[in-house]
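Let me begin by presenting the structure, written as structure tokens, before commenting on it.
No lab work stands behind these numbers, since they all come straight from the coordinates. This one's a predicted model, so the numbers in the text were calculated from it and none came from an experiment. Every residue, glycine among them, receives a Cβ derived from its backbone with ideal geometry; neighbour counts consider all protein chains shown.
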């Protein structure tokens, strides 16, 4: 093995690139100038802008691999991580008044993800929480329709010297969607970078204020939009929506793998089985399993994730979404299912907080 020296270490680390922007960690000044070498051992620190950086673990592993690959597998590597206070103050904290950020995601389209997100938001608001909802499904925004706000106009006002978008509000939920900014009859033909920039604007340049829960209706599948969200926001956890159908479950499995992988590393709060069964409006005690039976229940047990709720397929859900009045506003068995989902989500968040260090726990109080 050749003699180790700092520049040799830096040359090896130039092969490690930060996901999302493609630049290497040396160029990004993430390698601190404290490389320590003793014989065949090397020790250095990687500097991250925030402790919640989703790529922290994967970059540490990549740095170790680079040393072993480009220098020698016999090198003993120790990598420390640092989050200097001076760096954390360079940019204002995103959504400082928001206590919990929850993504609602699905492996594929057509499983009722947006329906679940809208009704979960309304159910949480009915429970007395301060709730915000971001329609991040850039290419298929549906929240304006579901909340009866298709013709809503957005306005801005000044907050601490900055012009910020004012989220519209209905049913106790603050709401923003790209659907408010584009022609509802025309498709959104944007490249990935344009969509990501528009999404950041709706997050960072809006006056969301104080919120207990900030829900994000994510696009279906896996894309760079998901990476933008986890890089921009400290997401508390994700709710995965699926139907009992095998095709949907296969995609839900991929979605869970994406969020729990090292590159994203976002906790799964639980799984929602939507369209669990069909119940005729005039025969509420009857159940017909049109898309399979308890497929999501079995997947939750298999993967060790929480089953948050089973939502039946009833005409009222469709009518409520099309009419701009989410069914969670009503006093029906289906509305109660969404209220149950809200309770399960808040319980899942509380359980996750119980495992966090006391210094970063947040208490959520009802208004």
Separation in nanometres of the label points that stand 7 Å from Cα toward Cβ, at residue 254 and residue 340: 3.1
Can you work out D for segment 221-355 in µm² s⁻¹ from Stokes-Einstein, where Rh is the Kirkwood radius over C-alpha pairs, the temperature is 37 °C and the viscosity is 0.692 mPa s? 205
FRET efficiency, 1/(1 + (r/R0)^6) with R0 45 Å, evaluated for residue 69 and residue 155 via beta carbons: 0.25
Packing-ranked peptide list from 280-290, 319-329, highest mean Cβ count within 10 angstrom first, is 319-329, 280-290
So in segment 98-360, what percent of DSSP beta bridges are antiparallel if you round to the nearest 5? 20
How far apart, in nm, are two points set 7 Å out from the Cα along the Cα-to-Cβ line at residue 164 and at residue 76? 5.1
Ranked packing of 75-82, 12-19, most packed first, by mean Cβ within 10 Å: 12-19, 75-82
Paramagnetic reach from residue 353 (point 7 Å along Cα→Cβ, amide N under 16 Å) across segment 224-259: 235-238
Express the relative contact order of segment 309-359 as a whole percentage, based on alpha carbon pairs under 8 Å and six or more residues apart in sequence. 32
Just need the Rg to Rh number for segment 6-88, please, alpha carbons only, Kirkwood Rh. 0.94
Relative contact order computed over the chain (Cα-Cα under 8 Å; 6+ residues apart), in percent: 19
Which value in Å is the Kirkwood Rh of segment 32-164 over different Cα pairs? 19.8
For the pair residue 28 and residue 288, the simple spin-label estimate (label points 7 Å beyond Cα toward Cβ) gives in nm 5.3
Using the Kirkwood radius over C-alpha pairs as Rh, can you work out the diffusion coefficient of the chain via Stokes-Einstein at 10 °C, viscosity 1.306 mPa s, in µm² per second? 71
Would you work out the relative contact order for segment 6-88, in percent, from Cα pairs under 8 angstrom that are 6 or more residues apart? 32
